[in-house]
Every structure is written in structure tokens, then in C-alpha cells.
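Below is one structure; the comments refer to it alone.
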Amino acid sequence: MRTYKKELVSVIVPSFNHGKYIDKTIKSVMNQTYENIELIVIDDKSSDNSIDIIKSLESDIKNRFDNYQFIFKDTNLGLTDSLNKGLYLAKGKYFTYIQSDDVMHKDKIYLSVETFKKLNEDYSFIFSDVFFIDEKDSLTYYISEGKKFDTWMKLMRYHYPWLNSKDVCHYRFLIRGNFIPAMGNFFRKRWLEKVNGWSEFLYYKDKRLKFINEDYPMWLKLSKVSKFYFLDNQLAYFRIHKKNTSTTRAKDSNIEVLYLLLNEYEYCKENGYIKDLEINLFKYLKRAKISLKEKVKILTEYNLLKDFIKWRLRKSVPKFS
């Protein structure tokens with residue numbers, strides 16, 4: 001039996017070439033124990049059978065939701081464009097999105113709304129932990145450095161020991177590393193509107209890159225102007241499969257995060273977070289597939305060469321090339 005709550009929650013499903021999984025995604029929204037939901041599905045010009053799958057579910061979707069919209073874009077414009085379109089169309093007090101290969105826990109929205117009721121209005125978003133699932137919907141492990149992790153936060157705490165601190169919900173800790181799972185998101189919509197939604201492009205010097213990672217820039221923007229909260233439950237399922245964007249576009253993603261962090265340098269300098277920034281910046285400087293000349297130029301320009309050398313010696317890793 002569903003529990004009715006008067007506050008409307010807008011759920012956006014950005015769809016792109018996940019015909020194999022999108023029915024599970026949509027059904028996980030339909031099966032929420034929270035009643036008052038609007039569903040907005042935005043397809044980014046999928047070339048597989050995603051559209052057919054969505055249309056086959058429309059009768060059941062309309063029976064479940066009073067407000068349902070399906071938007072089909074005639075040009076592939078990316079995830080951030082879909083999210084901004086969803087934000088523009090959303091009528092709810094709260095806003096969340098789930099990508100078309102992931103799945104929501106049935107109590108995600110109910111528990112998130114109940115949590116927000118206990119928090120002041122200066123909290124802009126909540127994030128939860130998530131489980132990992134495989135292509136067949138079975139719980140699985142993420143393997144890193146030979147170790148198995150069944151939830152996102154266990155993986156993050158292994159790589160970022162400082163996450164074991166009591167309160168890490170602060171910009172200072174986010175700039176050290178993106179420890180928030182995108183599918184664990186839940187927002188007060190007005191805060192998304194206040195920061196003008198998702199940034200679609202990253203500008204650094206003379207470079208203009210279309211964002212691959214929608215989540216990290218948003219966490220950083222919101223954490224500068226508001227508070228956020230960790231809800232210590234596993235409220236979504238992150239699907240691991242061969243076509244994950246995090247796997248297929250890792251090379252471009254590393255460069256993107258590097259430039260994103262460099263854009264944060266002045267803010268960190270003004271607020272005393274340079275040492276926190278270095279933790280993450282040096283890692284991505286090492287990973288980024290840019291020339292040695294550009295790496296040295298960056299370190300010299302930001303007066304970080306000495307600290308980077310110390311970091312490399314401490315890590316005992318080969319020199320970058």
C-alpha cells in the first residue's frame with residue numbers, strides 16, 4: 001500500500017540507448033512507495049529500441065502518474081541538456097533523476113522526502129549510498145585493487161579513508177574527490193534553479209568542452225552556496241555493464257575533471273582549501289592524457305610544481321609522460 005504525500009516529486013529519466021534496461025528503470029519509479037510523483041522521460045535520440053520500450057509501457061505509466069511527459073529529442077545533445085530540459089518542465093518541490101540503465105529502491109523517494117522534512121531549507125540536496133547490480137539485475141561487486149565492494153560508499157571509504165570522519169558533507173571534502181554516487185541524488189528543486197541548472201560546457205582558458213560528467217560540477221556548485229546531507233541507506237542500484245559512460249569515456253573524463261579542478265583553484269585559494277584541492281588535482285594531472293609540456297605549464301602557472309614532486313615521491317609512482 002502506497003503512502004500518499006502531498007509534496008510533488010519530479011522524476012526525470014534521461015534515456016539514451018539503454019533499451020536493454022530502461023523498462024527496469026521506469027518500473028522502479030512506478031513501484032515507489034511514495035505516491036505523488038510526476039515522471040518525465042527524455043530520450044536523447046536513441047538509435048536502439050529504447051523508444052519502442054518506453055511506448056510499450058505508456059499505458060501503465062499513465063495509470064500510475066497523473067502527470068507524465070515523454071520528450072524525444074531529434075538531435076543528440078547529451079545528458080546535461082536532458083537534465084536542464086527536465087528541470088524546466090518539472091513542477092515538483094523536489095527533483096531527482098535516474099539514468100536509463102540504473103534502478104531506484106522502492107523507498108528512495110519516501111525516505112528522501114521524510115529526511116528533507118527534518119532538514120532546514122538551506123540544505124539543497126541529499127545523497128544516499130547505492131548497491132551494484134550486473135546486466136541481469138543481480139547484486140554484484142565492484143572490484144578495485146583486487147578487493148570486492150558491494151556498495152558505493154564502501155568503495156569510496158577504501159580509496160578515501162577521510163570519508164570515515166563523522167561529517168564530510170562540505171565543499172572541502174568534495175574537492176578532494178567525488179565520492180557522491182550520481183544515482184543517489186535527491187534535490188530541492190529551487191536550489192537547482194538558483195544555480196541555473198547543469199552546466200553544459202566546461203570553459204578553461206581557450207578550451208571549451210562538453211561535460212561528460214554531469215554530477216561533480218553540480219555537487220561543487222551547490223556545496224558553495226548551500227548544505228547537503230548523506231542519507232546512510234542504499235536507495236538505488238548502479239548497473240555495471242560494458243557500455244557504462246564511466247568506462248567508455250574515461251580518457252575524456254580525466255581531462256574534463258582536471259580542468260574543472262583548475263577552475264576551482266581561486267575559490268580554494270581564497271577559502272583555504274588548496275591542500276584539499278591538491279589531493280584530487282594531482283591524481284587527475286597524472287591520469288590526464290595531455291602532453292608533458294602542458295602538465296609542467298599547469299604546475300608552474302599555479303605554483304604547484306614543488307608540491308607535485310613531493311606528492312609523486314610520497315606515492316612512489318613512475319613519472320608521467
Charge dipole (the stretch 88-209, unit charges on Cβ, about Cα centre) - positive-most of Val168, Trp152, Phe132: Val168
Val103 long-range amide H proximity, modeled H, under 5 Å: Tyr237, Arg239
Those residues of the stretch 135-171 whose amide nitrogen sits under 14 Å from the label point placed on Lys243, 7 Å along Cα→Cβ: 135-136
Signed unit charges on C-beta, dipole axis of the chain, positive-most listed residue Ala288, Ile71, Phe230: Ala288
Kyte-Doolittle mean at least -0.5, axial Cα span of 18 Å or more - DSSP H helices of the chain: 250-263, 274-287
Kirkwood Rh in Å, taken over the stretch 174-308 so that all alpha-carbon pairs contribute: 16.3
Dipole in debye (nearest 20) - the chain, about Cα centre, beta carbon charges: Lys, Arg +1; Asp, Glu -1: 1220
Two-decimal log10 I(q)/I(0) for the stretch 254-315, as the Debye equation yields it once each C-alpha is a single scatterer, q = 0.13, 0.15, 0.21, 0.27 Å⁻¹: -0.30, -0.40, -0.82, -1.35
Pair Leu119, Lys27: separation of 7 Å Cα→Cβ label points (nm): 3.1
For the stretch 1-155, alpha-carbon Rg over 2.2 N^0.38 Å: 1.08
Antiparallel bridges, percent of DSSP beta bridges restricted to the chain (to nearest 5): 40
Eligible aspartates and glutamates near Lys293 by straight Cα distance, threshold 19 Å, same-chain separation 8 or greater: Asp206, Asp252, Glu256, Glu301, Asp307
Cross-link pairs Lys6/Lys91; Lys106/Lys147; Lys93/Lys117; Lys27/Lys221 - those with Cα-Cα distance over 21 Å: Lys106/Lys147; Lys27/Lys221
Relative exposure of Arg314, Arg172, judged by other C-beta atoms within 10 Å (fewest first): Arg314, Arg172
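How much length is gained if the chain between Gln69 and Asp52 is pulled fully straight, taking 0.36 nm per residue apart and subtracting their Cα-Cα distance, in nm to one decimal? Write out the running numbers ahead of the final one.
On the way: separation 17, 0.36 × 17 = 6.12 nm, distance 1.53 nm.
Between Gln69 and Asp52, full extension yields 4.6 nm more.
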Measure of compaction for the chain (Cα Rg per 2.2 N^0.38 Å): 1.02
Selected from Trp191, Leu39, Ala250, residue furthest toward positive end of dipole (the chain; charges at beta carbon): Ala250
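With 30 Å as the limit, write out which pairs from Lys108/Lys275; Lys251/Lys310; Lys243/Lys275 have Cα-Cα distances beyond it, or answer none. Let's see the in-between values first.
Values: Lys108/Lys275 35 Å; Lys251/Lys310 25 Å; Lys243/Lys275 35 Å.
Pairs exceeding the cut-off: Lys108/Lys275; Lys243/Lys275.
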Whole-number D in µm²/s for the stretch 209-279 (Stokes-Einstein; Kirkwood sum over Cα pairs; 10 °C, 1.306 mPa s): 110
Cα centroid separation - the stretch 110-188 against the stretch 29-77, whole Å: 26
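What do you get for Rg/Rh over the stretch 85-195 if you use C-alpha atoms and the Kirkwood form of Rh?
Numbers: Rg = 15.4 Å, Rh = 15.7 Å.
Rg/Rh for the stretch 85-195 comes to 0.98.
No value in this document is a laboratory result; all are computed from the given coordinates. The model shown is predicted, which means the values in this text are computed figures rather than measured ones. Here the Cβ is made from the backbone with ideal geometry for all residues, glycine too, and neighbour counts use every protein chain on show.
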